[in-house]
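Here's the structure we're looking at; comments come further down.
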Amino acid sequence: MSSDDGSSKKVSKKPRYSRFTQQELPACKPILTPALVIGILMCLGIIFIPIGLLALSASENVVEVVDRYDDVCIPSTDQKVGFIKDPATNKTCIRTFTIPKKMRKPVYVYYQLDNFYQNHRRYVKSRSDRQLWNPKAEYSTSLCDPEGQTGDGKPIVPCGLIAWSLFNDTYSLSKNDAALQINKKDIAWRSDRTHKFSPNVYPKNFQNGTLIGGGKLDENIPLSQQEDLMVWMRTSALPTFRKLYGKIETDLEANEKITVTIQNNYNTYSFNGKKKLVISTATWIGGKNDFIGKMYMAVGGTSIVLGVIFSLLYVFKPRPLGDPSYLSWNKNPALD
Amino acid sequence: MDYHSQIDINENSPQFPDPIRSSSTHSIQSKTTGGHSLREVSFSELGPTSVRHGSRGAESEGFSASYKEIHDDDARLIYINDPDKTNDKFEFAGNSIRTGKYSVLTFLPRNLFEQFHRVAYIYFLVIAILNQLPQLAVFGRGASIMPLAFVLLVTAVKDAYEDYRRHRSDKIENSRLAWVLVDESFQQVRWKDIRVGEIIRVCADETLPCDMVLLSTSDSTGVAYVQTTNLDGESNLKTRYAKQETQMKNLENERISGLIKSEKPNRNIYGFQANMEVDGKHISLGPSNIILRGCELKNTEWTIGVAVFAGRETKAMLNNSGAPSKRSRLETSMNREIIFLSIFLCALCAIVSVLHGIWLRRHKGELDLMQFYRKIDYSEAEEADYNYYGWGMEVFFVFLMSVIVFQIMIPISLYISMELVRVGQAFFMIRDNMMYDEASSSRFQCRALNINEDLGQIKYVFSDKTGTLTENKMEFQCACIGGIDYSSVKGGVEDSQIGNLGRDTATAISLISSSHKLKVVSTCKSIIISYLVTGGEQVLRPKMKVKVDPELLNTSKRKHTNEGRHVHDFFLALAACNTIVPLTIETPDPAVKLIDYQGESPDEQALVYAAAAYGFMLVERTSGHIVIDVQGERQRFNVLGLHEFDSDRKRMSVILGCPDKAIKVFVKGADTSMFSVIDRSQNLNVLKATETHIQTYSSKGLRTLVIGVRELSSLEFEQWQSSYEVASTALMGRASLLRKVANNIEHHLGILGASAIEDKLQQGVPEAIESLRTAGIKVWVLTGDKQETAISIGYSSKLLTSKMTQIVINNNSHESCRKSLIEALVVSKKLPDAPSGGSKNCKHQLGLIIDGTSLVYILDSELEEQLFELASKCDVVLCCRVAPLQKAGIVALIKSRTDDMTLAIGDGANDVSMIQMADVGIGISGQEGRQAVMASDFAMGQFRFLVPLLLVHGHWNYNRMSYMILYNFYRNAVFVLLLFWYVLFTSYTLTTAITDWSSVLYSVLYTSVPTIIVGVLDKDLSRTSLLKHSQLYGAGQRQESYNGKLFWVTMLDMLWQSVAVFFVPLLAYWGSNVDGSSLGDLWALGVVVMVNIHLAMDVTRWYWITHAAIWGSIIATFICVIAIDMLPFLPGYWAFFHIVKTELFWVCLSLITIGALLPRFAVKVFVQYFGHNDIQIAREAEKFGNSRRYTQTQIEMHQIFDLPQR
């Protein structure tokens, strides 16, 4: 009945004219003309190839020393896991390598783990962000199981598998027998230090359980100063990842011999993970990675090739745009 | 459509007998008459859809229906004037109506219940519930419920608003006032308080508050006139009768009591069955004794009746249902792809769970200690597995979790987007000025909202003729009286001019300059006169003018010649032999009154107007007498008897007592039925001449009626009277008895002549048909008219051309039908196999003309196949003399044998079956009421609107919707695949780098608005080009915008794009110190930018809205990602700001976008340039085409489609 509301009125129901209702709004009608297409493709090529070259050269300029030590810093026995789990054994391990090219400061010291799924679902979820910031929320550990509370019901701060598995190998570097200072300040994000990890929350009951997952935390230092923890708790996206250990604020010259004293504490042996020490400089594309440069070259190159192909096609098989004789019903049916 | 309703159609439409089916009807009837409980077969079997099949024919049928005992079980007992007793045993519905679905309390549960009827919502719900299980909680609880909650909320708000509006109108309706008899005086009572059994008085121009049986009216004979516009849209007056037994009573003073036994409430507005018991007398009541809620009383001072159905049980309310729901072709074929996607989804989930199972197996021994798995929980005293349910269960949970994570592979949001887009498309169709009919001031109506895109794929148009191709405004053209042809009006330009003028009101006529008149006279030998009658001071004037043949006018004035007497009788018959009610209308000039002839048949109206123009003006009609102003002299004729038109006799008759005491029976009817009752011995020459003239008339496309007369002797009359009385009071078989009585008197008639009425073609019909034909749409015309008339209309509407080979099938038996079909097939095969579709080179076009009788033998038999074969070879098919059901049968013939889309267009009740049968049904809101409109999916004012509707809106809608569906598939799949690739790098646990909120917002906010905007607004071609090149419509017919190939190509593209968007960041950041949240942000932004640019590449018309939507979405995504990363309690706090500072982020983002879209771009350019796609070429022509040629076509289009409006 409501649909007939207007019918009784004798007012004209003619829709009011507007360009909108008649679908006649002004519009831009881009057409892919040959010139436009070739232009776009060539432009892409001209932009992408230089960027690709830049990226390649940037990657080339990165000096990177990678040293895998997990396999050598352990007695070659079948008891790898037993060795690493035994707190009494001496796990010190000394490695040396030479700097291939001059490394300008800051030189970054990373540890790299392979086959460690920091993005595993069980792992990623096992943390309590509230607890990290709010001293009163130390009991909000429901997401942290099985590392939420101690056996007698005390909250673990910071709780969860992520914190529990804190990486705890340590490195001390020396150059020509002189110790090389590793600056471990400001390795975590400023936002984490100021807004995520509270200066009023102190570690509690941490790593007290039967099963030790990784490093311990000084209970007298507030979380806001536990930068290694912050770095570790920025879970990595991929199973092969680096995390910043510290920065060296001096240049390293080529052919310099670097000696690293490693405390090989962290257990990657139980899951066949690899541990690597990485000393690297950084450029605008990050670390050493040729992928971006190559891809840019490839995309730019493809664009130019396509542009050339289309130019040739336009030259040898031209079709006037918008010629009505090309409409299917205007063509001679005999040709169909 | 089931067979039962088919029978019903047949029963309700007696104009078109259909031997095969009527036999089956008969069997049912005989079965039921055998039993004692005589239930009304047709209506009780009807079920809820019955009313759609009703037609005007039902009324006469119902009226003459025999007295039937209504069984007490099925009856509704109404004690007249005793509402307490009436409502004592059974609580009948009160008169308050509630069209609102919900109350404040029931809104939430009911609305939710209704919403969850949709499968899509159930899917949402199941996923959301799965996600609530702690083992499976993939998303945060809030995030997982949000999409469902959002959709539910939007729909609920929409429903609530609609319901609020209904409640408001209900309130207004319920508090209207009516006069009800309370304690022997009429008091004003609110409508909602009226109860069944109460006596109600309604005055002129008031609306009926409920369905009531008439008891008495102001007219002494008990006649009341009602207008049923609100009910069925018919604006003419209908007559209703109070029974004489109650009419006599003075209801206010003497307390009337009685009992009405009526049938149960049903939806049939043309049927009513009841018995009334008053003063010990049994009276049967039929549909002519009831007036229905929503009707308006007209031309009757007052009327009193007893309420029988109130409130929701009234026929008006029972009919108040929505449009039928159909599913569009696109949506149906989309389901196939949805199934592919579901399989794909299952495959992805299976891959993930199997790989996870393998991973668990391989690391079985390490799970306890592994830092990132830590299977054993040491916090309890006893060591136990933590969240580990065994290998099998873990695999199963991973499967379910992956279903949750990959849920948007099934694009549920697509259904919501589609609905929104259709609303938008409907908005533009409704607002289109090109489809607005000024004459009836009616806009285009979208009644079905879910088949907009079907309009772009129509292959067959089935059109009714009368009222659809033609205007259904009958004009008296010429007559053959006494064998002499008075048809001086020749066709031509002037003709239509006069026609237009003739339709204007008298005031407009007087403005015609004399020079114009002279011109008219000189060319056409006819003038338009406005015949005036001066009765005292009053001047009466018919409302419509008819052009008059001066020769005939002169003849009619020579009363004493033989010819003159013939003419006199002829016009007298025209004026008298009908059921027209004259109404006088006041004009601004107090001395002049207009006479408006109201009647159910436009033919009769035209004839009466014609008679009036020749000086035989019907001035007054009551049930007992009529007053005709015969050339200035008022004469009173007693109406002694009236046999209404019925479909068996195909004629009607009236018995008049003339002022000179002679008693004459005037009969008017179809030529076939009339020639059999005309006395051939009398005027054989006249008869022969008339027959030839009728032939000529119908070949011109005119509708003819033959008129006969016979003088009755008083003996004969008395015999008739007694038998009539017996028949009309008979309790059993009244209809057939009355028919017999009529047949007894309608014989040995002297022929008076024949009238010819023109049914003018609607404006722009030939052009429209031509456009549709070039668009590759086959136009079939299905009409109830005679073959000659149909063929002539075929020619005038350019449907048939002289170049065409016509095959006529016109047979009377199964065998001969078979023979002629085989012959026709041979003929059609002999012709060279020319492609159809209006190609200029095609010389041999075939036209098939087939009539209803042949169809009786062909449809539903093995000959159907041959007919289909033949018809599909023909360019034009014209079916004449078809019954409504046959129309549906023909539609079904095509529908069941091809995949082609069918569209039926019609305006009358007889088109309802066809409209409902076709994929798309269009109702013309014309002269013949609203039933076609009520049954239709779309309604519009004129046939020619079909051209912009199909070629422009249909094309747009189809293209937009197809693109939107494909794009939505792609958009969701690319995101799911992005998630899937990542899962492969998380040891097959369902971690998402992209935050939960971004995952949820992806299809809700980040990418949804542009698709909807593009789906509503984008135009591949302008209106002008689409109308100029009708052939462009073929793209839709060939399903070019949506098909399996396109789907797979899109999916291939999707695969590449997902690889690009995932692996570029992955490889760029491999082994770096990037964290999951930052990379997740890059992926989220990358996919949103890519998907939006993908859309931008395909937009053909950039409006500012499109710009706003696409770029706005990208910006909105950035804002949302920033906002999410500013929440310190999420792990990804501030991640965006860290990654956005690095150049690598931007380098990756642009590499993703370009790298992912480059193949698409190249393929697109290649296809556009060398694919010779018509749409592409037309689009280029639009932009670069010769501007001079372009403006020319615009003018041309205006000529066709924007003819000067009156």
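Work out the mean other chain Cβ neighbour count within 10 Å for the residues of A:123-132 and drop it here as an integer. Can you show the working numbers first?
On the way: counts 9, 8, 5, 4, 1, 1, 6, 2, 0, 2.
Per-residue shielding by partner chains comes out at 4.
In debye to the nearest 20, how big a dipole does the range B:669-790 give about its Cα centre with +1 on each Lys and Arg Cβ and -1 on each Asp and Glu Cβ?
Dipole of the range B:669-790, to the nearest 20 debye: 320 debye.
Please compute the length gained on full extension between residue B:277 and residue B:419, using 0.36 nm multiplied by the number of residues separating them and subtracting their Cα-Cα distance.
That pair, residue B:277 and residue B:419, stretches by 45.7 nm at full extension.
Taking 8 Å as the Cα distance limit and 6 or more residues as the minimum spacing, I'd like the relative contact order of the range B:349-442 as a percentage.
Numbers: 49 pairs, mean separation 24.8, N = 94.
Relative contact order, the range B:349-442: 26 percent.
Taking the Cα centre as origin and putting +1 on Lys and Arg beta-carbons and -1 on Asp and Glu beta-carbons, what dipole magnitude results for the protein assembly as shown, to the nearest 20 debye?
Result for the protein assembly as shown is approximately 3680 debye, rounded to the nearest 20.
What percent do you get for the relative contact order of the range B:657-766 when only Cα pairs under 8 Å and 6+ apart count? Mind dumping the intermediate values first?
Values: 127 pairs, mean separation 44.4, N = 110.
About 40 percent, as a whole number.
Taking the simple approach of a point 7 Å from Cα along Cα-to-Cβ for both residue A:61 and residue B:1067, what is their distance in nm?
About 2.4 nm separates the two model spin labels.
Considering the options B:554, B:398, A:33, tell which one lies farthest towards the positive end of the dipole of the protein assembly as shown, charges being +1 on Lys and Arg and -1 on Asp and Glu at the Cβ, about the Cα centre.
Selected residue: A:33.
Please give, to one decimal in nm, the separation of the simple spin-label points placed at residue B:343 and residue B:825, each 7 Å out from Cα toward the Cβ.
The answer from the label model is 3.8 nm.
Using a 10 Å cut-off around each Cβ of peptide B:1061-1072, what is the average number of partner chain Cβ atoms that fall inside?
For peptide B:1061-1072, the averaged partner shielding equals 6.
If I take R0 = 41 Å and measure r between the Cβ atoms of residue B:808 and residue B:683 in this structure, what FRET efficiency does the formula 1/(1 + (r/R0)^6) give, to the nearest 0.05?
Result of the calculation: an efficiency of 0.80.
Rank A:318, A:18, A:194 by how far each Cα sits towards the positive end of the charge dipole of chain A (+1 on Lys, Arg Cβ; -1 on Asp, Glu Cβ) and give me just the farthest.
The listed residue farthest towards the positive side: A:18.
Students often get this wrong: which residues of the range B:694-726 have the backbone nitrogen under 16 Å from the point 7 angstrom along Cα-to-C-beta of residue B:221?
Those under the cut-off are B:725.
Per-residue mean of other chain beta-carbon atoms within 10 angstrom of the beta-carbon, peptide A:112-121?
Taking the mean over all residues of the peptide, I get 6.
Hey, got the dipole for the range A:28-79? About the Cα centre, +1 on K and R Cβ, -1 on D and E Cβ, debye to the nearest 20?
The dipole magnitude comes to about 720 debye.
Note the full-extension length gain between residue B:160 and residue B:583 as 0.36 nm times their separation in residues minus their Cα-Cα distance, in nm to one decimal.
147.8 nm
With N denoting the number of residues in the protein assembly as shown, provide Rg(C-alpha) divided by 2.2 N^0.38 Å, to two decimal places.
In units of the 2.2 N^0.38 Å rule of thumb, it is 1.20.
Which FRET efficiency value, to the nearest 0.05, is calculated for residue A:316 and residue B:1107 with the Förster distance at 45 angstrom and r the Cβ-Cβ distance?
Plugging the Cβ-Cβ distance into 1/(1 + (r/R0)^6) gives 0.75.
Select from B:442, B:1089, B:695 the residue farthest towards the positive end of the dipole of the protein assembly as shown; place +1 on Cβ of Lys and Arg, -1 on Cβ of Asp and Glu, and compute about the Cα centre.
Working it through, the farthest residue towards the positive pole turns out to be B:1089.
Taking 25 Å as R0, compute the FRET efficiency from the Cβ-Cβ separation of residue A:185 and residue A:104 and round it to 0.05.
Once rounded, the FRET efficiency stands at 0.80.
Would you calculate a helix-derived [θ] at 222 nm for the protein assembly as shown, using -39,500 (n - 2.57) for each DSSP H run of n ≥ 4 and dividing by the full residue count, to the nearest 500?
-13000 deg cm²/dmol
Tell me the net charge near residue B:204. Cut-off is 13 Å between Cβ atoms, residue B:204 excluded, with +1 for each Lys or Arg and -1 for each Asp or Glu. Spell out each step's value before the answer.
Working: positive: B:201, B:298; negative: B:205, B:206, B:219, B:296, B:301.
With Lys, Arg at +1 and Asp, Glu at -1, the net is -3.
Cα to Cα, under 23 Å, and not fewer than 8 places away if on the same chain: which lysines meet these conditions relative to residue B:89?
Result set, ordered by chain and number: B:192, B:261, B:264, B:315.
Could you check the simple spin-label distance between residue A:96 and residue A:172, using points 7 Å along Cα→Cβ, in nm with one decimal?
1.8 nm
From largest to smallest, what semi-axes in whole angstrom does the range B:775-821 give when each is the square root of 5 times an eigenvalue of its alpha carbon gyration tensor?
Equivalent ellipsoid of the range B:775-821: 23, 14, 11 Å, largest first.
Which of the chymotrypsin sites (Phe, Trp or Tyr not before Pro) across the range B:350-421 are loop residues per DSSP, with 16 or fewer other Cβ within 10 Å?
Qualifying residues, ordered by number: B:389.
Within 10 Å of each candidate Cβ there may be at most 14 other Cβ atoms; applying that plus a DSSP loop requirement, which chymotrypsin sites (Phe, Trp or Tyr not before Pro) in the range A:243-285 survive?
Numbers: sites: A:245, A:266, A:269, A:271, A:284; in loops: A:266, A:284.
Sparse-neighbourhood loop chymotrypsin sites (Phe, Trp or Tyr not before Pro): A:284.
Only the coordinates and a few stated rules stand behind these numbers; no lab work does. Note that the structure is a prediction, hence the values are computed from the model and not measured. Note that each Cβ is placed from the backbone with ideal geometry, even for glycine, and that neighbours are counted across all protein chains shown.
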